[in-house]
Each structure stands twice: as structure tokens, then as C-alpha cells.
Amino acid sequence: MNSAVIVFPGSNCDRDLAVALEQVTGRKPHMVWHRDTDLPEGIDFIGVPGGFSYGDYLRSGAMAARSPVMRAVADAAGRGVPVIGICNGFQVLTEAGLLPGALMRNAALKFVCREVPLRVENSQSLFTANYNSGEKIAFPVAHHDGNYQADEATLDRLEGEGRVAFRYLDEVNGSARRIAGILNDAGNVLGLMPHPERVIEPAHGGTDGRRLFEGLLETVNA
Amino acid sequence: MKARVFITLKNGVLDPQGKAIHHALEGLGFGGVNDVRAGKLIELDLAEGTSDSEIEDMCRKLLANTVIENFRIERLETA
């Protein structure tokens, strides 16, 4: 699997994501700078990493979503290339209109940095094929703006179409219906606030995140 | 030519910052504050002749996230 990791000024989980991808796929991902207008040829997977792109100016992810490379990411997503947005990457994908809703300041106004239990709500997606539906897993979170909000009709549609991929088991940040991660309507774009790339090997304290990338690799190679 | 863009959260969208400000005002002994909503003010210095629709376009494409925010444009008379 040929992967690309997008790097914005202020990204800080780009290396973690690159290391996780290399460990799982055996290939170093291409690191693509935000000012590039094209992705390298033959990319099978795109990761939009966590961090504080553009210092969270205006709104988290707002500037990054309008950077030149995002046009190429949107085109690739439109062609069905799998795209994952983690943490700030999720904020970027919602700001870019690739996923519905918005991520607002945590309801308790506190930065939340800890491991949280999640439930896998849909094990049929490209990203969750290696989990069981309803399975309880744990990923770390580290964010200030993770409070997922959308209007009721959008939330109902997400639930009805099986597009809620992960849900928090406890109250974390005020997200509507405790949504932690969602899929686009085609199912090839996933955005989530928790960090699967931080639980890849036992030394990280868990390996629940590894299965996300392994499942994706199997689907892409199938 | 200058314009001001006021960005506010839509009605019904929870505003944790507004809530915290409200709480702090009460802590300072200010009674009678029913609600607080926090927003943003962006001042634009624009070329003469910039149309309303261009400013609205700026708001829709970047300045406001219309999923959760409303915007209002106010043109300032040039001296």
C-alpha cells in the first residue's frame, strides 16, 4: 500500500502516523507538504494527521482545509481513495466539506488528554474491517476542540446509514450522541478525534489502533 | 473601504465559552445577566468597489463555518 501523509505547518502527529504506517505496511509513506498541488502517483491511502495546523487560527482546521494540497486530497477522495483524518485531521476534513458537521470547543472547556474507551459501531467499513461490531477498544485522545456537532437531521442520517464508526463509551468532550468518528457517504473517508496511530505496539500501552491500519491494508490489497 | 464581519454561533449551538464567561460574570457579583454568547469580529480593509457579494463569498468560503456560525457584514463609511 502506497500511502501519503499530509504535512501542514503546525502538524505534530505526522511522524507518529508515518511510523505507524511504515510498521504496518512495510513501506515509508510519502510526506506531502501543504503547498504541493499534486499527490505522488499511485497513492492508495491518504492520512491527514493531528496537530495544530496554522496554530488553530480562525477555527481549528480552517486554514489547512483551504491549503493547495487539499484540492488534490478532495479529488482523490472523490475517486474513492481511502482518506483518514485523525484529530486535527478530522477538523480539517470537516472544514474542507469532506465530512459533515463541525468540531467545537470541548463542552467543559478543558483540553482532554487520556486514553478513552470506544465502541466500534460499524465493522463493515474499509477502516474497521478488523474489528467486531460493538467491540470495546481504547485509543488515546488529546484535543481541545473535539466536541462533534451537527444538526439533528445530519446526526440521524449518520446513525441510520451506519456512518458512526466509533462512539465514546463515556462523556469526553460534549460530542453529540458521543460520536468519536464518522464516515462519509461513500465510506472511503473516516474522521475521528482519538489517535489509533498512538496504539500500534505493546510498548505504547496497547495495540488496538494497529488493527485499523492492518484492516485497511488488507482491504486495499484485496 | 473598510468592512466589519460579525461572526456568531447559530441559535441552539452550545457555546461553552459564552457559558464560562456568564459563569465568571456571576462570580464577580453581576446579577441579571440572562445569557452570554461569544463571537468574533473581523475587520477587513478592502479595495474600493468591493461588492457585497464578494464579501459574502469571503464569509461563506472562509471567515465563517456556516455549519455552526452566522455572519453579518457591516460596511464602514470612509472618512
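Things worth noting here:
- Residue under evaluation B:E54, criteria (1) more than 29 Å from A:A153 (Cα to Cα); (2) in contact with a strand residue (DSSP E or B) (Cβ under 9 Å, 6 or more places away or on another chain); (3) modelled with pLDDT of 95 or more, criterion not met: (2)
- Condition check for A:G205: in contact (Cβ under 8 Å) with a residue 24 or more places away in the chain and either under 24 Å from A:A102 (Cβ atoms) or surrounded by 16 or more Cβ atoms within 10 Å (Cβ to Cβ) (or both): no
- Breaking point among (1) under 15 Å from the mean Cα position of the chain (by Cα); (2) within 13 Å of chain B (Cβ to nearest Cβ); (3) assigned to a loop (DSSP other than H, G, I, E, B), for A:G187: (2)
- Residues within segment A:130-169 that are touching a Lys or Arg at 6+ places or on another chain (Cβ under 8 Å) and either assigned to a loop (DSSP other than H, G, I, E, B) or among the aromatic types (F, W, Y) (or both), tallied: 11
- For segment B:17-39, the set of residues classified as over 19 Å from B:F71 (Cα atoms) and within 14 Å of chain A (Cβ to nearest Cβ) consists of B:K19, B:A20, B:I21, B:H22, B:H23, B:A24, listed by residue number.
- The one condition from (1) within 12 Å of chain B (Cβ to nearest Cβ); (2) surrounded by 21 or more Cβ atoms within 10 Å (Cβ to Cβ) that A:V92 does not meet is (1).
- Taking the criterion of being touching a strand residue (DSSP E or B) at 6+ places or on another chain (Cβ under 8 Å), without any contact (Cβ under 8 Å) to a residue 60 or more places away in the chain and either within 14 Å of chain B (Cβ to nearest Cβ) or under 29 Å from A:L58 (Cβ atoms) (or both), the residues of segment A:105-126 that qualify are A:R105, A:F111, A:C113, A:R114.
- Test: A:R210 is closer than 21 Å to A:I46 by Cα, surrounded by fewer than 24 Cβ atoms within 10 Å (Cβ to Cβ) and at pLDDT 95 or above: yes
- Put simply, of A:G97, A:G101, A:G51, A:G78 the only residue that is surrounded by fewer than 21 Cβ atoms within 10 Å (Cβ to Cβ) and at positive phi is A:G97.
- Number of residues in segment A:13-46 that are within 14 Å of A:M1 (Cα to Cα) and among the basic types (K, R): the value is 2.
- The residue that is farthest from the other protein chains (Cβ to nearest Cβ), among those in segment A:55-69 that are buried (at least 22 other Cβ atoms within 10 Å of the Cβ) and either touching a helix residue (DSSP H, G or I) at 6+ places or on another chain (Cβ under 8 Å) or among the basic types (K, R) (or both), is A:A64.
- Of all residues in segment B:1-16 being facing chain A (nearest Cβ under 10 Å) and of a type outside the set (K, R), the one that is farthest from B:E69 (Cα to Cα): B:P16
The values are calculated or read from the model by the stated rules, or taken from the named source; none is laboratory data. All of these numbers come straight from a predicted model, not from anything done at the bench. Heads up, the Cβs are rebuilt from the backbone with ideal geometry, glycines too, and the neighbour counts pull from every protein chain shown.
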